[in-house]
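Notes for the one structure printed next.
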Amino acid sequence: MVEDSTSDVLRAPLTLEYPFTRTTGPVVGGFLTGLREGMVLGAKRADGTVMCPPLEYDPITSDAITELVEIGQSGTVTTWTWNGEPRKQQPFGQPFAWAMITLDGADTPMLHGVFVEGPDDMSTGMRVTVQWREEREGHIADIAGFVPEGQE
Amino acid sequence: MRDIAVVASMQRQEPSIDNESEVEYMVPLMHGVKESIGITQADVGFTCSGSSDFIAGQAFSFVMTVDGANPVPPISESHVEMDGAWALYEAWVKMQMGEVDIALIYGYSKSSGGSLRDVLATQMDPYYVAPLWPDAFAIEALAARQMIESGKVSLERLAEVASRSREHAANNPHAVRTAQKSVADIMAESPIMDPLRPSDIPASADGGCALILAAGDRAKELCERPAWIKGIDHRTDAHTLGVRDLTTSMSARIAGEKAGVGNDKVDFAELYAPFTTSEVLLTDALGLGDDTVINPSGGTLGAHTMMASGLIRIAEAAQRITNGDGDRAVATAGSGPNLQQNLVCVLEGE
């Protein structure tokens with residue numbers, strides 16, 4: 001009989017992985033390549049509105065979308081929350097605010113981090129600007145985060 | 001359409017189930033629910049389950065649980081990597097085809113082994129969102145602020161939802177968050193993820209639920225007052241947060257209409273609403289009024305077992321109908337960030 005004691009429970013580290021690589025295709029790949037080059041691209045829908053980040057299809061009509069257009073690198077916060085204790089996997093390395101940001105020239109907001117001192121510096125409607133990472137590889141974290149406009 | 005009803009259910013939820021594997025704690029539920037109405041696996045025409053390898057930390061983890069169902073001689077079974085409520089939906093469709101009269105459905109997870117709020121980041125868009133690892137509380141907080149700033153809800157109303165859920169949970173032996181808190185107490189809580197407070201977030205639990213569906217006369221033989229499924233439908237919103245209006249739930253509204261929620265009065269509703277904000281979205285989307293008792297079990301603010309909470313909502317609603325506490329109920333299940341996907345089930349007693 002094994003005694004019912006936690007000291008008898010064998011323990012081993014377990015790392016969950018997704019050990020596949022994927023090609024990102026012309027739309028997602030186009031956006032990520034743009035980030036590497038320091039540009040932000042959005043996807044133009046049939047009704048003329050622009051989604052950023054770009055989807056490969058229109059979420060309402062399901063039409064395929066292939067036209068990418070360059071949009072602005074500053075935008076407006078539409079909602080936010082304060083992430084006071086960065087979680088270990090997050091790429092920001094410091095306390096930050098999560099925010100949905102509608103970039104100039106886009107009609108839909110994207111999720112990213114905003115670097116400010118604390119939640120008192122955040123508000124819906126505030127203007128923020130992209131802060132690029134020095135070394136970029138075609139990844140959403142090529143944008144290090146956003147900073148209040150005028151503080152870049 | 002065939003008449004199909006919930007005739008029995010059994011659940012277990014605890015803050016943390018230590019020293020028992022998912023299989024070990026599910027076997028007593030899977031067999032207990034059959035024994036409670038005097039049937040065996042040989043009477044079951046279809047077995048269907050819902051669980052998650054990402055939470056179990058193991059590929060094909062559900063296969064070992066199927067082994068616990070007594071699958072010899074071979075049984076007809078299926079699994080969804082979703083809440084058990086979608087396993088129930090698959091079984092309901094199979095029963096509509098007329099070849100099965102009794103189905104066993106179960107859903108479960110043991111999320112206490114990891115950090116569920118972080119594991120849930122893996123369900124986000126893999127290119128644009130998941131690499132940033134927004135945890136589940138942060139994602140809901142973004143919607144909560146929009147709901148508050150647009151005037152859709154107030155912090156006071158959210159506190160009322162949380163306080164009432166605790167009050168109801170106190171009468172539920174399976175609830176894990178039963179300490180009573182007044183609206184004023186909750187208003188005084190410090191945010192865990194601004195504007196969400198500790199009482200606004202789900203009461204995480206380990207556990208599972210097993211449930212039996214039966215058709216027509218078989219249901220009447222097995223249960224004195226079966227809870228008949230009068231309507232069931234599920235819909236999904238877009239995956240990308242930025243293209244959705246996070247202050248409404250289009251998928252819940254459409255599923256509610258298709259399931260016929262508004263066709264008659266609703267005595268009570270068991271809503272899969274992990275956050276207080278989710279409950280406000282759902283009551284609005286389903287058009288539930290003040291004459292409907294919301295979450296008499298305490299809901300997922302009383303106990304939230306990922307992959308089973310939706311099935312448990314159906315089980316709770318059905319049990320109340322069987323007990324004669326009401327005649328018509330709505331149960332919902334949800335999945336994805338900000339209630340991206342919603343299943344709505346209307347249950348009635350005769």
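The values are calculated or read from the model by the stated rules, or taken from the named source; none is laboratory data. Please read all numbers here as calculations on a predicted model, not as lab measurements. So basically every Cβ, Gly included, is an ideal-geometry build from the backbone, and we count neighbours across all protein chains shown. The accessibility values were calculated without ligands, DNA or RNA, using every heavy atom of the protein model including side chains. Shrake-Rupley method; radii C 1.70, N 1.55, O 1.52, S 1.80 Å.
Data overview
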{"item": "Beta bridges per DSSP with both ends in region B:228-348, % antiparallel, nearest 5", "result": "75 percent"}
{"item": "Residue mean of other protein chain beta carbons inside 10 Å, A:78-88", "result": "6"}
{"item": "Residue with peak Gaussian network fluctuation, chain B [Cα springs, cutoff 10 Å], from B:Arg157, B:Arg145, B:Arg12", "result": "B:Arg157"}
{"item": "Radius 12 Å from Cβ of B:Ile75, net charge of other residues (Lys, Arg +1; Asp, Glu -1)", "result": "-3"}
{"item": "Note, ³J(HN,Hα) from phi for region B:119-130, Karplus 6.51, -1.76, 1.60, rounded to Hz, x at Gly and Pro", "result": "4, 5, 5, 6, 8, 7, 3, x, 9, 9, 10, 3"}
{"item": "Normalised convex hull volume, chain B, alpha-carbon set, Å³ per residue", "result": "128 Å³"}
{"item": "Anisotropy class of region A:89-131 from Cα gyration tensor, a/c 1.5 cut", "result": "oblate"}
{"item": "Alpha-carbon gyration tensor eigenvalues x 5, square-rooted, for region B:116-200, Å", "result": "27, 18, 10"}
{"item": "Placed amide H near B:His79: partners under 5 Å, 5+ positions off or other chain", "result": "B:Ser49"}
{"item": "Projected-area average for region B:49-168 over all orientations - Cα convex hull basis, square nanometres", "result": "11.6 nm²"}
{"item": "Cross-link table B:Lys34/B:Lys110; B:Lys152/B:Lys258; A:Lys88/B:Lys152; B:Lys181/B:Lys230; B:Lys94/B:Lys152; A:Lys44/B:Lys230, entries beyond 32 Å C-alpha to C-alpha", "result": "A:Lys88/B:Lys152; B:Lys181/B:Lys230; B:Lys94/B:Lys152; A:Lys44/B:Lys230"}
{"item": "Cut-off under 5 Å, modelled amide H: who pairs with A:Val40 long-range", "result": "A:Ile71"}
{"item": "Isotropically averaged projected area of region B:135-256, using the convex hull of Cα atoms (one quarter of hull area), nm²", "result": "10.4 nm²"}
{"item": "Rounded Å value of the spacing that divides the Cα centres of region B:47-107 and region B:294-314", "result": "19 Å"}
{"item": "Chain A, relative contact order in percent, only Cα pairs under 8 angstrom and at least six apart counted", "result": "20 percent"}
{"item": "Span per principal axis, largest first, for the Cα atoms of region B:218-272 (Å)", "result": "50, 22, 18"}
{"item": "Dimensions (Å) - region B:228-348, Cα atoms, principal axes, largest first", "result": "44, 29, 23"}
{"item": "All Cα pairs of region B:109-159, percent lying beyond 14 Å", "result": "61 percent"}
{"item": "Chain B, dipole about Cα centre (Lys/Arg Cβ +1, Asp/Glu Cβ -1), debye to the nearest 20", "result": "320 debye"}
{"item": "Residues whose placed amide H lies under 5 Å from that of A:Ile65, excluding near-sequence neighbours", "result": "A:Tyr57, A:Asp58"}
{"item": "Region B:116-200, accessible surface, carbon-and-sulfur percent (1.4 angstrom probe)", "result": "52 percent"}
{"item": "Where N is the number of residues in the protein assembly as shown, Cα Rg divided by 2.2 N^0.38 Å", "result": "1.01"}
{"item": "Average projection area in nm² (convex hull over Cα atoms of region A:22-148, one quarter of hull surface)", "result": "8.1 nm²"}
{"item": "For chain B, calculated [θ]222 nm from helices alone, where every DSSP H run of n ≥ 4 adds -39500 (n - 2.57)", "result": "-10000 deg cm²/dmol"}
{"item": "Fully extended contour minus Cα-Cα distance, from B:Ser150 to B:Ser78, at 0.36 nm per residue", "result": "21.6 nm"}
